[in-house]
Amino acid sequence: MANIALSCSTSCIPAYNRAEALDAIARAGFAFVDAYSFETESRLHPDVVFADQVVEDLTKYGLALSGLNVSDISIGCNLTGIKMEIEYAESLGIHSVNVKGGQRTDRALNALINSLRILTEFAKAHGIAVNVRNYHGNRVETLDDLQTIFDQVDHPSLGLALDVGQLHTSKIDPVEAIDRFFEKIRVVYIRDQVGARVVPFGKGEIDTVRVLTRLMEKGYKGPIVADPDVRHKDVEDHIAEAHTFLQGILSASS
């Protein structure tokens, strides 16, 4: 498991504030946390909390930040705001941000491509990579969508945040995605599901062992982010179980 950052997404506990989320993730055994600039109560955004306070909080709970999901790129979105989030990521000491696209329309695709061309060049100057994240029903959902993006935005700062659960919802084999886009993958989000319904690891249809084994075979060294998103009273138990489950697979594959 050398060089692999096993992380947990704060999206699985969206109602937890920053201290509660960091505490729960640390107690589950994770050394890394993946955060959002929006939606969650623990969101990290320059309008909400100073970067030095975030660093202090992470140190308190013995965690490091593995990545930051920033505002979606949609028609008419505020690129100045996303640039501010990129600068914030630099202040937090991380090296990449993840973005999603907008609706599945040609106009939204053009907006995404043009925005990524601007943002990747801006991010490069700050030592930050921009990873486009696949999402069911989103402008970037299929493997062909990804191919279009990488063909149209040929920039070294553009990478892929591979979301295994979203691929499963879209009925796409994640191993095919790994084989096709491995050189672009900078972070992997993983959960288990039955259809589109999220279930605890090992209880669903996603072959997590197959997915992680293929990544290890190909020499993947980036973060693996547990994204269990099982929102009920036992959520903290599920986070701890996710850590044990994924750590076991990664240890056996190393």
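Among VAL164, VAL194, VAL235, what is the fewest-to-most ranking by other Cβ atoms within 10 Å?
Fewest-to-most Cβ neighbours within 10 Å comes out as VAL194, VAL235, VAL164.
Mind giving me the FRET efficiency for SER91 and ASP229? R0 is 35 Å, r the Cβ-Cβ distance, nearest 0.05 is fine.
0.80
So how far apart, in nm, are the two label points at PHE182 and PHE38 if each is 7 Å from Cα heading toward Cβ?
Distance between the two pseudo-spin positions: 3.4 nm.
Could you give each residue of region 76-84 its phi-based ³J(HN,Hα) in whole Hz, using Karplus coefficients 6.51, -1.76, 1.60 with θ = phi - 60°, and x for Gly or Pro?
So the Karplus estimates, Gly and Pro as x, are x, 5, 8, 5, 4, x, 5, 4, 4 Hz.
Amide H neighbours of PHE38 under 5 Å, counting only residues 5+ apart in sequence or on other chains, H built in-plane at 1.01 Å?
LEU44
About the Cα centre, and with charges only on the beta carbon of Lys, Arg (+1) and Asp, Glu (-1), how big is the dipole of region 6-253? Nearest 20 debye, please.
280
List, largest first, the extents of the alpha carbons of region 113-184 along their principal axes, each in whole Å.
37, 21, 18
If you take P(r) over Cα pairs in 10 Å bins from 0, in percent from the coordinates, which of [x] 7, 28, 35, 24, 6, 0; [y] 7, 33, 38, 20, 1; [z] 7, 27, 29, 23, 11, 3, 0 do you get?
It is the value labelled [y].
Quick check: net charge around ILE113, other residues with Cβ under 13 Å of its Cβ, Lys/Arg +1 and Asp/Glu -1?
Details: positive: ARG107, ARG117, ARG139; negative: ASP106, ASP145, ASP151, ASP154.
In short, -1.
Using each residue's phi in region 21-33, evaluate 6.51 cos²θ - 1.76 cosθ + 1.60 at θ = phi - 60° and report the 3J(HN,Hα) Karplus result to the nearest Hz, with x for Gly and Pro.
After applying 6.51 cos²θ - 1.76 cosθ + 1.60, I find 5, 5, 5, 5, 5, 5, 5, 6, x, 6, 9, 10, 10 Hz.
Pairs to check: LYS124/LYS171; LYS60/LYS218; LYS83/LYS221. Give those whose C-alpha atoms are more than 32 Å from each other in this structure.
Beyond 32 Å: LYS124/LYS171; LYS60/LYS218.
Each label point is 7 Å from the Cα along the Cα-to-Cβ direction; what then is the distance between the points at VAL175 and ARG107, in nm?
My value for the distance between the label points is 4.2 nm.
Going by amide H atoms built from the backbone, whose H comes under 5 Å of the H on VAL187, apart from near neighbours?
LEU160, LEU162
Every read-out reported here was derived from the displayed coordinates using simple, explicitly stated rules and does not represent laboratory data. Fair warning: this is a prediction, and the values are worked out from it, not measured in the lab. Glycine gets a Cβ as well: all are built from the backbone with ideal geometry, and neighbour counts include every protein chain shown.
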